[in-house]
Amino acid sequence: MQLKDIVKIVILSVIAFVLEMAGGYLSMVFGPYMLFVNHSLASLIVAPVFFTLCHKVPKRGTLFLYYLIIGIIYSIIGFWPMIFILLLTAIAAELIIGKVENYVNDGRITLTFVIAQTIFALHGLIFFLVLKPSGMQKVFPDMFTPEMVDTLSNFYGKFVNVLAVMAIQVVVAYIGARFGIYVYRKFFSKKDQKQSVLD
C-alpha cells in the first residue's frame, strides 16, 4: 500500500464519518421510532463512499483502516468506546471481503458492507450488554441522561426490537449497496470516464 492509497483511505473515511453523523441526526425525524433506524439511514448514504473506496484502493487492509479511522475520529470527539466496536467491524470486514480481488467484486463488497454495517448498527445493543445501564451513564455522562438510559433499557430488553433493528439494517444496507454501485459506476468508474475523479 502506497502513501497515495493511505491518503485516499483517510479522505474517504472522514467523508464517511461525516455522512454517518448526518444519517444519525436525520434519524431523529422518526421520533420515538428512531432507535429502529438509527444507523440505517447512515448506511444508505455512506454506501457510495464504501464502494468507491473498495474499487479505488483494492488492497489488503483498506477496509480495516477505513473503519479504524472512523473509530479514531469517534474517540477524538469523546465517544472512545466506539473504537472497540469499529475494530470489531474492521476485522469482520477484512475477513468477509477475503481475497484482494474481491475488492472489485460488487457482490462481495455488498455482502461485506451489509454485514459490517449491521455490526456497526448494533453498537447501542453492545454497549447495553457490556456496560449495563449504570455503566452507560458513567461512560457517556453528557450523552445519556437517566431517562435515556431507561429508554434504551426498555428498547434493547425486548428481543423483538433487536431483531427488527437487524432486519431493517440489512434491508436498508442492501438498498444502500445498490445505490453505492450505481454512484460508483456513474461518477467514478473508468469504464464510463477517461479519467476518474479520484485517480
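Where a number appears in this text, it was derived from the coordinates with a stated rule and is not lab data. Model, not experiment: these values are computed from the prediction. Neighbour counts run over all protein chains shown; Cβ positions are idealised from the backbone, glycine included.
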Report the full-extension gain for the segment TYR182 to ILE6: residue separation times 0.36 nm, less the Cα-Cα distance, to one decimal in nm.
-> 60.9 nm
Per the rule of 0.36 nm per residue minus the C-alpha distance, extending LYS59 to ASN161 adds in nm 33.0 nm
Hey, got the dipole for the range 1-138? About the Cα centre, +1 on K and R Cβ, -1 on D and E Cβ, debye to the nearest 20?
-> 200
How long is the gain from ILE126 to ASN154 if the chain were fully straight, where each residue apart is worth 0.36 nm and the alpha carbon distance is subtracted?
-> 8.6 nm
Label model pair PHE30, SER189: point-to-point distance (7 angstrom along the Cα→beta-carbon line) in nm is 3.0
Angle between the chain longest axis and helix 146-156 axis [Cα atoms, degrees, rounded to 10] | 70
Over all viewing directions the Cα convex hull of the chain casts an average projected area in nm² of 10.9
By the Cα gyration tensor axes a ≥ b ≥ c (a/c under 1.5 gives rounded; else a/b larger than b/c gives prolate, otherwise oblate), the shape of the range 1-106 is prolate
With respect to the cross-link table entries LYS8/LYS99; LYS4/LYS99; LYS4/LYS186, which display a Cα-Cα separation exceeding 28 Å?
-> none
